[in-house]
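The values are calculated or read from the model by the stated rules, or taken from the named source; none is laboratory data. Computed from a predicted structure; not experimentally measured. Here Cβ is always computed from backbone atoms with ideal geometry, including for glycine, and neighbour counts include all displayed protein chains. Only protein heavy atoms, including side chains, enter the accessible area calculation; ligands, DNA and RNA are left aside. Shrake-Rupley method; radii C 1.70, N 1.55, O 1.52, S 1.80 Å.
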Amino acid sequence: MNEREELARLLPDPARRDLPEDRHQILRERFMHQIHDLSRPPRRSTRRAILAPALLGGALAAVVGVGVAIAPADHGERPRTTREESASDLLNRIALAAATSAAGPAAVRDDQYTYVENVVQDQDRRYRTQVWRSVDGSRPGLSRVEGQPEQRFGPAAGSLTSPTYRFVAELPTDPDALLAEITVAAEKELPPLSLRVLGVIGRLLREPYLPPDLMAALYKVAAKVSGVTVVQDLEDAAGRHGIGVVFTDQRMRIEWIFDRESLRYLGQRNVVTGAGAPAHTLSVAVVAHGIVDALGVTAK
């Protein structure tokens, strides 16, 4: 009960604000920037670097304060939903699966790199992205977006919105302590606070090299949020089907997609649906990841 009261304190009244069309356009552009290269070269100002994750966090948080009824099963093309399991129950099951999953390499060296490959579906356009980050952030990284020149970005120690392997290894795994640390980071950005907290969690989930106990803690934090639905069949950008946890309101729909059997995170889909903004769908699927010895080396 104390946890629910604390979460209620963090969550704003959903009727307090609405996003104009130009702000929705900014949110879409910033989200694309995060997919392509979340660690920009040092020439970008500190203010610009902070603003991007803040905007994405705002978009995610906008969907949390609204209670959502679970729709009955549908035999058409729309996703089927269920009343048999709440989103909180599912997220807690996902947390347990993450905690008991196989950990990464036993020994990761500072001179190695994390590698993540995504499939991105932006409306009718589909392409791949690849990102290499220095394990300890001491060396430049590399970003490749299909159809564009590759880009290198400068060394960075890591943060909650641009995490390195060493940085996430030091994060607390107690859900309350983790929420407190995420909240401190989110308070440095633009309001509202609760949506920025979910934005940080969503960003971390797209880094599949997270330690199992940290991944579990993130899902336990998300499980405290009310007003979400479970969707039994969603498709990610790579064409894989899975079970989904959905945050939605009249303006935007955010879907986290998981493998139905292993409950492994597959990807995320954002759908802008209203408030005067043009309809827009952006989906990102994690298809490969690992620890590699050099820039340009891939993993399965």
Taking segment 142-159 and keeping only residues that are out of contact with any Pro (no Cβ under 8 Å at 6 or more places or on another chain) and not polar (S, T, N, Q), one is left with Leu142, Arg144, Val145, Glu146, Gly147, Pro149, Glu150, Ala156, Ala157, Gly158
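Could you please find all residues in segment 100-121 being farther than 17 Å from Arg206 by Cα and of a type outside the set (S, T, N, Q)?
Listed by number, the residues that qualify are Ala102, Pro105, Ala106, Ala107, Val108, Arg109, Asp110, Asp111.
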State whether one or more residues within segment 147-168 are out of contact with any Asp or Glu (no Cβ under 7 Å at 6 or more places or on another chain) and in a strand (DSSP E or B).
-> yes
Gln232: passes all of (1) surrounded by fewer than 16 Cβ atoms within 10 Å (Cβ to Cβ); (2) assigned to a strand (DSSP E or B) but (1)
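For (1) open to solvent by less than 30 Å² (accessible area, probe 1.4 Å); (2) under 20 Å from Gly242 (Cα atoms); (3) modelled with pLDDT of 95 or more; (4) among the small types (Gly, Ala, Ser), each residue gets a yes or a no:
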{"position": "Ala54", "(1), (2), (3), (4)": "yes, no, no, yes"}
{"position": "Gly57", "(1), (2), (3), (4)": "yes, no, no, yes"}
{"position": "Leu60", "(1), (2), (3), (4)": "yes, no, no, no"}
{"position": "Val63", "(1), (2), (3), (4)": "yes, no, no, no"}
{"position": "Thr81", "(1), (2), (3), (4)": "yes, yes, no, no"}
{"position": "Glu84", "(1), (2), (3), (4)": "no, yes, no, no"}
{"position": "Leu91", "(1), (2), (3), (4)": "yes, yes, no, no"}
{"position": "Ala98", "(1), (2), (3), (4)": "yes, yes, no, yes"}
Scanning segment 102-131 residue by residue, the ones that are among the charged types (D, E, K, R) and either under 20 Å from the mean Cα position of the chain (by Cα) or part of a strand (DSSP E or B) (or both) total 5
Exception for His280 within (1) open to solvent by less than 30 Å² (accessible area, probe 1.4 Å); (2) over 29 Å from Pro140 (Cβ atoms); (3) of a type outside the set (S, T, N, Q); (4) at pLDDT 85 or above falls at (1)
Residue that is most open to solvent (accessible area, probe 1.4 Å) [pool: residues in segment 209-218 that are closer than 15 Å to Ile94 by Cα and in a loop (DSSP other than H, G, I, E, B)] | Pro211
Only one of Val221, Val245 is at pLDDT below 95, in a helix (DSSP H, G or I) and under 22 Å from Leu178 (Cα atoms); which?
-> Val221
Is there a residue in segment 251-267 that is assigned to a strand (DSSP E or B), open to solvent by 10 Å² or more (accessible area, probe 1.4 Å) and more than 23 Å from Glu117 (Cβ to Cβ)?
-> yes
